[in-house]
Amino acid sequence: MQIFSCPFCGPRPEYEFHFGGDLGNHRPEGPEVSAEVWAQYLHFRNNPKGASEEIWLHMTCGEIFALQRDTLTMEAAPGQALTAAEGRP
Amino acid sequence: MTRHYSALSLVKEGLNNQKGWVRAWESRAPKPRYDVVIIGGGGHGLATAYYLARTHGITNVAVIEKGWLGGGNTGRNTTVVRSNYFFPESVRLYDMALKLYEGLSRELNYNIMLSQRGMISLAHTPAEMEMSARVVNAMQINGTDAELFGPEDVRRVLPIYNFSDKARYPALGGVWQGRSGTARHDAVAWGYARAASRLGVDILQQCEVQDFLIEGGRCRGVVTSRGTIRADRVGMAVAGHSSQMAARAGFRLPVVSYALQACVSEPVKPVLDTIVLSPGAGTYASQSDKGEMVVGGGLDRIPSYGQRGNLPVLETVLSGLVEMFPAFRQLRLMRQWAGIVDVVPDSSPILGESPLPGLFLNCGWGTGGFKAIPAGGTLLAHLLATGTHHDISRPFDLDRFATGRLIDEAAGSGIAH
Ligand SMILES: Cc1cc2nc3c(=O)[nH]c(=O)nc-3n(C[C@H](O)[C@H](O)[C@H](O)COP(=O)(O)OP(=O)(O)OC[C@H]3O[C@@H](n4cnc5c(N)ncnc54)[C@H](O)[C@@H]3O)c2cc1C
Ligand SMILES: [Zn+2]
């Protein structure tokens, strides 16, 4: 069983969490977004082997947070609030 | 020297103390240049090499495998072969594969042990029954065999199912495809390797592709652990490692890598002579020729390159299994393993030229690409030989993610596999 740590609830079992893609994959803004840019945002992923920066949802409390983990060893750092992870207030 | 496999050659070699067999494929040193290099010695890569040589007469070809042939998902899968998909594009693709599988043992002179024992995808609720009817209609319109089963039919093909009225997963019926079956996974890889090698293809094992040779914005070869190898065209069929290769070539893919698990029980007497899939319970099973129950289910939840599974999913799979087949509670499991599969948002493969000209993709088969190996090989070979799409591969180009023409089989046929 993999344990992830929600910034709000602390360590919880993996089946309470849902993968949300790459950290920093922001929705393209503005009136002129090309189909290719939309496709990159919607479907294309970094999918790294090793160190990975991701977004996860803790389904039980609803917190969406940043998670740094290793996709090969499955080591995971404690989850971080998104604002802190992205340097936002 | 005995090359051809037949009853006669078995007798002959029996009398000869088995001394005259030649190696199934040759182990040669890499050449500095090939017409085509294929990365990945799984079923798709090996089949591509075979069809390049046989269909297109291109024999100056190398298949480059970092480990051993079939050591990726091809040798880890649960070998279900079927074409019960929803969209016409998919049915054309998977039916092409199934038809080729039907003649493959003879074509390759290698027994792939295709056993078309039929597969039942169970429906446990009235809503699932309606979905089943929809899938059967779609399959029949697409010209592939499918039958809507009711409870009596399930009783006939699965006598050991839990038909108690307290059952957690009552069997109301489901989708039956009689041509579905299983094949021996190693044999598919080895059969293609042997046939390709005989036609002149080089099979390079223990050789890792580390980078691409890019000149003038075009892929001109690969950098490997055994030196640089030039090629006019490069194909890649590396399943769960596709994103990694793409990163070297300078682009991303709509792929996330996940572990998919399976397990087998101790061998028992024959009790299950069809393949049974329950999307509701998240479990499927078949009995191997040795008598083992081969059991699989859904993906792990966490993207992973660690080739081992996780317990929560295994628990779901096995609890579904013993609910449906209470007799299986007594079975002991012998082995459990996982492979890293390449999951795409619409659960359909990606075939076509990559954003790096000269490099061609065969990936995104996710949890269900074993059944597609003969088609994946045929289509990638066509792309590599002609530089253009075959009619059947065209809809599966990478460009569908920008045009929005997704072929969403997860929604279409409710597949887990
Ligand atoms: C547990 C499990 C059960 C499954 N069950 C089914 C099923 O019942 N039916 C079905 O149709 N499908 C099933 N699948 C899916 C199926 O196994 C795969 O889709 C299919 O085998 C993919 O074949 P491939 O040749 O593309 O990839 P693989 O067989 O994985 O081959 C890719 C090869 O590329 C090599 N490689 C990777 N990187 C490099 C590199 N840098 N240099 C050189 N070589 C490299 C790897 O070592 C590997 O051998 C299952 C998969 C798993 C894991
Ligand atoms: Zn929480």
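The values are calculated or read from the model by the stated rules, or taken from the named source; none is laboratory data. These numbers come from a predicted model, not from an experiment. In this analysis, Cβ positions are derived from the backbone assuming ideal geometry, glycine residues included, and neighbour counts consider all displayed protein chains. Accessible surface is based on the protein model in full, side chains and every heavy atom, while ligands, DNA and RNA are left aside. Shrake-Rupley method; radii C 1.70, N 1.55, O 1.52, S 1.80 Å.
So here's what we get for this one:
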{"quantity": "Chain B: relative contact order in percent, alpha carbon pairs under 8 Å with at least 6 residues between", "calculated": "22 percent"}
{"quantity": "Kirkwood-type radius of chain A, with distances r between different C-alpha atoms, in Å", "calculated": "14.0 Å"}
{"quantity": "q = 0.08, 0.09 Å⁻¹: log10 I(q)/I(0) that the Debye formula gives for the protein assembly as shown, counting C-alpha atoms only", "calculated": "-0.52, -0.66"}
{"quantity": "Charge sum, other residues only, whose C-beta stays under 9 Å from B:Ala259's C-beta, Lys/Arg counted +1 and Asp/Glu -1", "calculated": "0"}
{"quantity": "Alpha carbon centroid spacing (whole Å) that separates segment B:340-417 from segment B:41-110", "calculated": "13 Å"}
{"quantity": "Residues losing 50 Å² or more accessible surface upon assembly, segment A:7-34, compared with the chain by itself, 1.4 Å", "calculated": "A:Glu14, A:Phe19"}
{"quantity": "Kirkwood Rh in Å, taken over segment B:310-417 so that all alpha-carbon pairs contribute", "calculated": "16.3 Å"}
{"quantity": "B:Arg76, B:Arg394, A:Arg27, ranked by accessible area, largest first (probe 1.4 Å)", "calculated": "A:Arg27, B:Arg394, B:Arg76"}
{"quantity": "Relative contact order of segment B:1-135, pairs being alpha-carbon contacts under 8 Å that are 6 or more residues apart, as %", "calculated": "16 percent"}
{"quantity": "Label-to-label distance, nm, for residues given as B:His56 and A:Ala81 (7 Å Cα→Cβ offset)", "calculated": "5.6 nm"}
{"quantity": "Anisotropy class of segment B:247-332 from Cα gyration tensor, a/c 1.5 cut", "calculated": "prolate"}
{"quantity": "Spin-label proximity, B:Lys31 to segment B:52-79 - amide N less than 18 Å from point 7 Å beyond Cα toward beta carbon", "calculated": "B:52-65"}
{"quantity": "Debye log10 I(q)/I(0) at q = 0.11, 0.14, 0.18, 0.21 Å⁻¹ for segment B:43-192, Cα point scatterers", "calculated": "-0.54, -0.79, -1.08, -1.26"}
{"quantity": "Separation in nanometres of the label points that stand 7 Å from Cα toward Cβ, at B:Asp391 and B:Lys19", "calculated": "5.5 nm"}
{"quantity": "Rounded Å value of the spacing that divides the Cα centres of segment A:23-43 and segment B:296-329", "calculated": "36 Å"}
{"quantity": "Label-point gap, in nm, between B:Arg405 and B:Leu199 - each point 7 angstrom along Cα→Cβ", "calculated": "2.9 nm"}
{"quantity": "Rg and Dmax [Cα atoms of segment B:1-45; Å; Rg one decimal, Dmax integer]", "calculated": "16.0, 43"}
{"quantity": "Too-long pairs where the Cα-Cα distance tops 28 Å, listed order kept, from B:Lys290/B:Lys371; B:Lys99/B:Lys290; B:Lys19/B:Lys269; B:Lys31/B:Lys66; B:Lys19/B:Lys66; B:Lys99/B:Lys269", "calculated": "B:Lys19/B:Lys269; B:Lys19/B:Lys66; B:Lys99/B:Lys269"}
{"quantity": "Segment B:105-196: C-alpha gyration tensor shape, a/c 1.5 cut-off, then a/b vs b/c", "calculated": "prolate"}
{"quantity": "Within segment B:245-273: backbone nitrogen closer than 20 Å to the B:Glu315 label point (7 Å, Cα to C-beta)", "calculated": "B:259-264"}
{"quantity": "Carbon + sulfur, % of accessible area of segment B:229-316 - ligands and nucleic acids excluded, 1.4 Å", "calculated": "52 percent"}
{"quantity": "Size of segment B:137-272 as Cα extents on the principal axes (Å, biggest first)", "calculated": "67, 33, 32"}
{"quantity": "Centre separation in Å (Cα based) which lies between segment B:244-271 and segment B:6-39", "calculated": "29 Å"}
{"quantity": "Computed [θ] at 222 nm, helices only, for the protein assembly as shown once each DSSP H run of length n ≥ 4 contributes -39500 (n - 2.57)", "calculated": "-8000 deg cm²/dmol"}
{"quantity": "³J(HN,Hα), Karplus 6.51/-1.76/1.60, whole Hz, each residue of segment B:244-254, x for Gly, Pro", "calculated": "4, 5, 4, 4, 5, 8, x, 9, 10, 10, x"}
{"quantity": "³J(HN,Hα), Karplus 6.51/-1.76/1.60, whole Hz, each residue of segment B:40-46, x for Gly, Pro", "calculated": "x, x, x, x, 5, x, 5"}
{"quantity": "Modelled FRET efficiency - R0 30 Å, B:Ala167 with A:Ile3, Cβ distances, 0.05 increments", "calculated": "0.30"}
{"quantity": "Binned Cα-Cα distance frequencies in chain B - 10 Å width, integer %", "calculated": "5, 22, 31, 25, 13, 4, 0"}
{"quantity": "Candidates A:Pro31, A:Pro48, A:Pro13: whichever shows maximal mean-square fluctuation once chain A is modelled as a Gaussian network with Cα springs under 10 Å", "calculated": "A:Pro31"}
{"quantity": "Potential lengthening between B:Arg134 and B:Asp211 on full extension [0.36 nm per residue; Cα-Cα distance subtracted]", "calculated": "23.1 nm"}
{"quantity": "Backbone HN-Hα couplings from phi across segment B:173-190 [Karplus 6.51/-1.76/1.60, Hz, Gly and Pro as x]", "calculated": "x, x, 9, 10, 10, x, 7, 4, x, 10, 9, 6, 5, 4, 5, 5, 5, 5"}
{"quantity": "Extended-chain gain in nm, criterion 0.36 nm per residue less alpha-carbon gap, B:Glu102 and B:His4", "calculated": "33.3 nm"}
